[in-house]
Amino acid sequence: MPRIYVTRAVPEAGIQRLTEAFGAESVCVWNHDRPNPRENLLKEVKGADAIFAILTERIDGEVMDAAGESLRIVANMAVGYDNIAVPDATQRGVLITNTPDVLTETTADLAWALLLSACRRVGEGERIVRANAWKGWGPLQLMGTDVYGKTLGIFGVGRIGQATARRASGFNMRMLYTARNRLSTEIESALNAEFADKDRLLAESDIISIHCPLTDETRHAFGAAEFARMREGAVLINTARGPVVDEAALAAALKAGRLRAAGIDVYEREPEIHPDLMACENAVLAPHLGSATEATRARMATTAADNIIAMLRGERPPNPVNPEVLE
Ligand code: GLV
């Protein structure tokens, strides 16, 4: 009987799939809706064949060693896996899996929710209404910036970047994108998108939406130097990973009016947010909601479970991050 350790409470659909496959006694859930304390994680993970992991837990060599020789897979319930030390896993022959695709459209929706809120000052307006400070319609009140007809820059056009770009078609936008690999001409013309280097994206976009993974290369890809090169009054959206943006520099650019607004879902040190950014009225700040719909979170949980089930049954898991350990 395998032992599967789930690091915190997750949608029931994922647990159900695991218990159907291996029986309830196989599945041990730290059943709390908060991060699993490190000491507890290191203790409870012992003897696990599989870890069902969540972004709030750092899974590194120490955790893998605490699990012991039995550990075969860490299935992250997220598309990003920067919380996992992949080289440590590969070295130990442990497979890492993630949950791509199932959250693409949901995260792109959130990028647009932030984009529209930031451009049209919805957060500021809501705060005024809720403070009972609204004095009625005013010709000078809370004037934002149009989205329609503007240039949208997609920084890192993977699955979510493309889904975000597709949503722009009703807004008659021009689109620029950066990517490691250029899209096909068919996709470019369907998206009305043009391949650009970072310099051009910064110089020509009215709104930039970040969709790259967090890597050594993308850490602080947006800092004071980039904000200085962006259009005066541009808008920045980040639904990718917090450390891609230098939060203090972003706050300074928003405060100085260099950037008009920002819509941010992810932070450098979640759940902490830089106090200068918290003080920016022109920042719409969401609590890492990108994939947070009932249907998508259920699909993420069942996808993580499916990866575990396949691995423990000796089949090929659908979403390997370090497939070399399967060879
Ligand atoms: C969430 O942030 C994810 O990477 O799935």
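The values are calculated or read from the model by the stated rules, or taken from the named source; none is laboratory data. All of these numbers come straight from a predicted model, not from anything done at the bench. Heads up, the Cβs are rebuilt from the backbone with ideal geometry, glycines too, and the neighbour counts pull from every protein chain shown. Keep in mind that these areas ignore ligands, DNA and RNA; they rest on the heavy atoms of the full protein, side chains included. Shrake-Rupley method; radii C 1.70, N 1.55, O 1.52, S 1.80 Å.
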Test: residue 99 is out of contact with any Lys or Arg (no Cβ under 6 Å at 6 or more places or on another chain), modelled with pLDDT of 95 or more and either at positive phi or polar (S, T, N, Q) (or both): yes
Here are some residues: 279, 234. Which one is in contact (Cβ under 8 Å) with a residue 12 or more places away in the chain and either closer than 30 Å to residue 20 by Cα or open to solvent by less than 30 Å² (accessible area, probe 1.4 Å) (or both)? 234
Would segment 242-249 turn up any residue that is outside any helix (DSSP H, G or I) and open to solvent by less than 30 Å² (accessible area, probe 1.4 Å)? yes
Which numbered condition residue 145 fails, given (1) outside any loop (DSSP other than H, G, I, E, B); (2) surrounded by fewer than 19 Cβ atoms within 10 Å (Cβ to Cβ); (3) of a type in the set (Ser, Thr, Tyr): (1)
Would you mind finding the one in 84, 128, 154 that is away from the ligand (no atom under 16 Å from the Cβ), of a type in the set (A, V, I, L, M) and under 30 Å from residue 304 (Cα atoms)? 154
Restricting segment 1-27 to residues that are of a type in the set (A, V, I, L, M, F, W, C) and part of a helix (DSSP H, G or I), the residue that is surrounded by the fewest Cβ atoms within 10 Å (Cβ to Cβ): 24
Residues being in contact with a Ser or Thr (Cβ under 7 Å, 6 or more places away or on another chain) and within 15 Å of the ligand (Cβ to nearest atom) - total across segment 228-282: 5
If I ask for residues that are within 16 Å of residue 262 (Cβ to Cβ) and in contact with a Phe, Trp or Tyr (Cβ under 6 Å, 6 or more places away or on another chain), which ones from segment 118-153 would you list? 147
Among residues belonging to segment 294-320 that are assigned to a loop (DSSP other than H, G, I, E, B) and within 22 Å of the chain's Cα centre (by Cα), point out the one that is surrounded by the fewest Cβ atoms within 10 Å (Cβ to Cβ). 318
So, restricting to helices (runs of 4 or more DSSP H) that lie completely within segment 156-233, which ones have at least 3 residues that are touching a helix residue (DSSP H, G or I) at 6+ places or on another chain (Cβ under 6 Å)? 159-166, 224-229
Name every residue in segment 251-293 that is in a loop (DSSP other than H, G, I, E, B), under 16 Å from the mean Cα position of the chain (by Cα) and not aliphatic (A, V, I, L, M), in order of residue number. 265, 267, 268, 270, 271, 287, 288, 290, 291, 293
Hey, does segment 122-141 have a residue that's in contact with a Gly (Cβ under 7 Å, 6 or more places away or on another chain) and modelled with pLDDT of 95 or more? no
Please pick out the residue among 225, 179 that is more than 29 Å from residue 122 (Cα to Cα), without any contact (Cβ under 8 Å) to a residue 24 or more places away in the chain and open to solvent by 20 Å² or more (accessible area, probe 1.4 Å). 179
